[in-house]
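Below is one structure, written out as structure tokens; comments come after it.
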Amino acid sequence: MDKAIEFYTASYKSQNEWPQFHHLCYWDIAISHQLNLNYWEAYKFSKLLYQESHWSKCFYAYMQAANMCMVKDELSQDQKKEQEVS
């Protein structure tokens, strides 16, 4: 998974012309982080998808909330509120 994260990170940083390509990479990075049990990083990329992509706001909100559930004891009050609305 670490090699995949490295590859997809280098890939999205290689260009700025196609934001959809970034979103594809963000998706794979988020899933790779989830498989590594690194839920904060997975949350970060699912949040980027939610903010930038128009494909499925509902699914990206779910993805954020699911990652937050995995670290629920570490959430700040603001993050707990964010999770409730996600």
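The values are calculated or read from the model by the stated rules, or taken from the named source; none is laboratory data. What you see is a predicted model, and the numbers here were worked out from it, not measured in a lab. FYI the Cβ positions are ideal-geometry reconstructions off the backbone, even for glycines, and counts take in every protein chain you see. The accessibility values were calculated without ligands, DNA or RNA, using every heavy atom of the protein model including side chains. Shrake-Rupley method; radii C 1.70, N 1.55, O 1.52, S 1.80 Å.
A few points about this structure:
- Rounded to the nearest whole Hz, the Karplus-based 3J(HN,Hα) values (6.51 cos²θ - 1.76 cosθ + 1.60, θ = phi - 60°) of region 50-66 follow the sequence 4, 6, 9, 8, 10, 5, 8, 4, 4, 5, 5, 5, 4, 4, 4, 4, 5, with x at glycine and proline.
- Remark: the K81-H54 segment gains 7.4 nm on full extension, using 0.36 nm per residue and subtracting the alpha carbon distance.
- Dimensions of the chain from C-alpha coordinates, computed as largest minus smallest value along each principal axis and given longest first, are 36, 27, 17 Å.
- Across region 8-13, computed HN-Hα scalar couplings (Karplus, 6.51 cos²θ - 1.76 cosθ + 1.60, θ = phi - 60°) run 5, 5, 4, 5, 5, 7 Hz from first to last residue, x flagging Gly and Pro.
- Residue-span extension gain [E6 to Y62] - 0.36 nm each, minus C-alpha spacing: 17.7 nm
- ³J(HN,Hα) computed for each position of region 15-28 - Karplus, 6.51 cos²θ - 1.76 cosθ + 1.60, integer Hz, glycine/proline x: 7, 10, 7, 10, x, 5, 5, 4, 5, 4, 5, 4, 4, 5
- Neighbour-limited loop hits for GluC sites (Glu not before Pro), the chain (at most 16 other Cβ within 10 Å; DSSP other than H, G, I, E, B): E17
- Heavy-atom accessible surface of the chain: percent carbon and sulfur, 1.4 Å: 56
- Full extension of the segment from L37 to Q15, taken as 0.36 nm per residue of separation minus the current Cα-Cα distance, would add 5.1 nm.
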